[in-house]
1. Toward the positive end of the charge dipole of the chain, about the Cα centre and with charges on Cβ (Lys, Arg +1; Asp, Glu -1), which of 64, 76, 125 goes farthest?
2. Enumerate the amide H contacts of residue 28 below 5 Å, restricted to partners 5 or more residues apart or on another chain; note that Pro and chain-start residues carry no placed amide H.
3. Under a 5 Å amide H to amide H cut-off, with H placed in plane at 1.01 Å, what residues pair with residue 145 once short-range neighbours are removed?
4. Leaving ligands and nucleic acids out of the surface, order 69, 22 by accessible area at 1.4 Å, largest first.
5. Largest first and to the nearest Å, give the Cα extent of the stretch 133-173 along each principal axis.
6. Would you please name the trypsin sites (Lys or Arg not before Pro) within the stretch 3-107 that are DSSP coil residues with at most 16 other C-beta atoms within 10 Å of their C-beta?
7. How long are the semi-axes of the ellipsoid equivalent to the chain, from square roots of 5 times the Cα gyration tensor eigenvalues, in whole Å, largest first?
8. Quick check: pseudo-label points 7 Å beyond the Cα along Cα→Cβ at residue 125 and residue 7, how many nm apart are they?
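The values are calculated or read from the model by the stated rules, or taken from the named source; none is laboratory data. The structure presented is a predicted model; accordingly, all values stated were derived computationally and were not measured. We place every Cβ from the backbone using ideal geometry, glycine too, and count neighbours over all the protein chains shown. Please note that ligands, DNA and RNA were not included when accessible areas were found on the heavy atoms of the full protein model with its side chains. Shrake-Rupley method; radii C 1.70, N 1.55, O 1.52, S 1.80 Å.
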Amino acid sequence: DTKAGSEPIEWRVLDIYPGNKLLLLSDKVLDCRAYGYGDTTWAESSLRNNWLSTDFKNTAFTPTEQGYLGNMLVDNSAGGVASLGGVNTQDKIWIPSVTQMENAAYGFVSRDTRRAKVTDYVRETYSNSIKCSKTTDTYYAGYLLRTPGYYQYDVAGVDSYGKLVKNGWRTYTKTAGV
């Protein structure tokens with residue numbers, strides 16, 4: 001929130017892995033960032049290598065909380081789209097894939113279950129660029145997934161109505177959130 005300071009992030013537990021490692025997801029769009037530029041995969045993306053692994057991690061988590069973030073093997077396969085996936089990565093923080101956003105065990109069974117509200121920060125900071133939909137007083141925005149889109153310079157996403165956009169948006173777009 002640009003007026004009242006940072007907003008606490010509410011995390012949703014999607015899964016528990018061996019060693020009590022948690023797979024967490026925010027139900028809100030937290031920021032608006034480009035995935036990368038041009039022909040890129042998750043392993044090479046600036047979103048992964050710059051923003052998530054440094055700026056976001058250092059802002060969203062205290063040093064103590066960062067100590068609990070463990071590296072996980074992240075599957076970066078194509079997920080049923082035409083372009084090739086990327087190499088699997090070891091990450092502490094990542095964005096979801098198409099496969100994860102289709103996973104009924106995680107609660108994603110319809111468009112409504114994939115919709116993401118925007119934080120006050122996103123609405124105030126990116127109101128002229130991010131594509132939102134609104135129901136009464138609630139704003140929703142589309143967000144990026146790590147799965148490649150139809151072409152290698154595209155990345156899949158979920159639009160503001162909860163529809164999976166498997167063919168994707170350009171990697172450099174800043175009209176979708178993370």
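1. 125
2. Placed amide hydrogens put nothing under 5 Å from residue 28.
3. Residues meeting the amide H criterion: 156, 157, 158.
4. Heavy-atom accessible area, descending, gives 22, 69.
5. Extents along the principal axes, in whole Å: 37, 17, 12.
6. Loop-located and lightly packed - 3, 92.
7. Calculated on Cα positions only, the semi-axes equal 22, 21, 17 Å.
8. 1.1
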